Amino acid sequence: MPQRHSKNNNDLAFFTYDEKRKLGYGTQKERLGKDSIKPFDACCLCLKPFIDPMSCQKGHVFCKECILECLLAQKKDIQRKLAAHELQKKQEKDEEKEKLMLQKARELDAFDQQNHGAVPQYSDRNHSQDKPGFHGANSVKVTSYEEEALRTMKAFWLPSATPDAPVKVDAPSTSTVCPEGKEKLKLKSLFPVYFTEDTSETKSSSSLDKTYICPSCKVTLTNTLSLVALSSCGHVFCKKCSDKFMAVDKVCLVCTKGCKERNLVNLGKGGTGFAGHGDHLMATEFKHLGSGSGLGLVRPAEKS
């Protein structure tokens, strides 16, 4: 049986829907699976099982070494941007002073020429007479008319007439941000997190991987559970035990340390691959041209 004519008709002056799909043109969507989403016991930076975990007030968990290196790198980058901004301000101030001095020199020369008929002679880097550019057929130096034409003409293909494009350095923010949530983050706002490891004999003999449990109900912590950490002491519980005991008794069940409502921090969930889990599991990507052509301009992938 012959195929559909619409898929074989490729001599049209425009792309058909099937051709766009084959070229990867437009918005491509793909559903994310479990392997594409970080588990709950992995660092948000190195994506490995965390070592000495620390959490921010938004529930993002990092390795202690990873988050300290990240904040230190951000501070060095802020210092570099501040130095570049200060240098730019100094250069702008010097240029403004030089313009004022040249303006005063021109006014004095114009006054002197008007009263005494003298020819002004002053050094101006922007109006230098021996500047390379258009020259007359028999002239050696550029005349004032040609120099003015060079400054005003829009011949971008000439090196002498190419306009300058100074790069403006904006004043950078002096605050470090969380690499996961992009909110402001300070080192003192981080708190250590302590997971209760399952040390039962059946678990230790069956697997070498670490398994964590809730210290209250002894339920194994997985990606499907919502976890809550206490910023006052760092112990981690499941959401049910937190709402049932800590929110009512205002005390930690492990160390009996007092806590308040603001000390309950919801940790980031792990990925399960199910849409009902509450994660954004659809990744979209827009391409101007097909991925097979090698000329595609791809926007960053977004999750929706």
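Taken together, the values in this text are just the output of simple stated rules run on the coordinates, not laboratory data. Everything numeric here is computed off the predicted structure, so don't read it as measured data. Counting neighbours? That spans all protein chains shown, and the Cβs are built from the backbone with ideal geometry, glycine included.
Some points to look at:
- Length added when fully stretched, Asp94-Asp243, from 0.36 nm per residue minus Cα-Cα: 47.3 nm
- On the basis of the beta-carbon distance and an R0 of 30 Å, Thr152 and Ile78 show a calculated FRET efficiency of 0.15.
- The peptide list 103-112, 258-267, put in order of mean Cβ contacts within 10 Å with the highest first, becomes 258-267, 103-112.
- log₁₀ of I(q)/I(0) at q = 0.11, 0.16, 0.18 Å⁻¹ - the stretch 1-113, Debye sum with one point per alpha carbon: -0.76, -0.92, -1.01
- In straight-distance terms, cross-link reach from Lys257 covers every one of the aspartates and glutamates whose alpha-carbon lies under 16 Å from its own, apart from those fewer than eight places away in the same chain; here that gives Asp249.
- Taking amide H as placed 1.01 Å from N in the peptide plane, the amide H of Cys43 sits under 5 Å from that of Lys48, Phe50, each at least 5 places away or on another chain.
- By the rule of a C-alpha distance below 17 Å, with chain neighbours fewer than 8 residues away ignored, the lysines paired with Lys97 are Lys89.
- Whether the stretch 22-82 is rounded, prolate or oblate, judged on the alpha carbon gyration tensor where a/c under 1.5 counts as rounded: oblate
- Extension gain from Tyr17 to Val251, taking 0.36 nm per residue of separation minus the Cα-Cα distance: 78.1 nm
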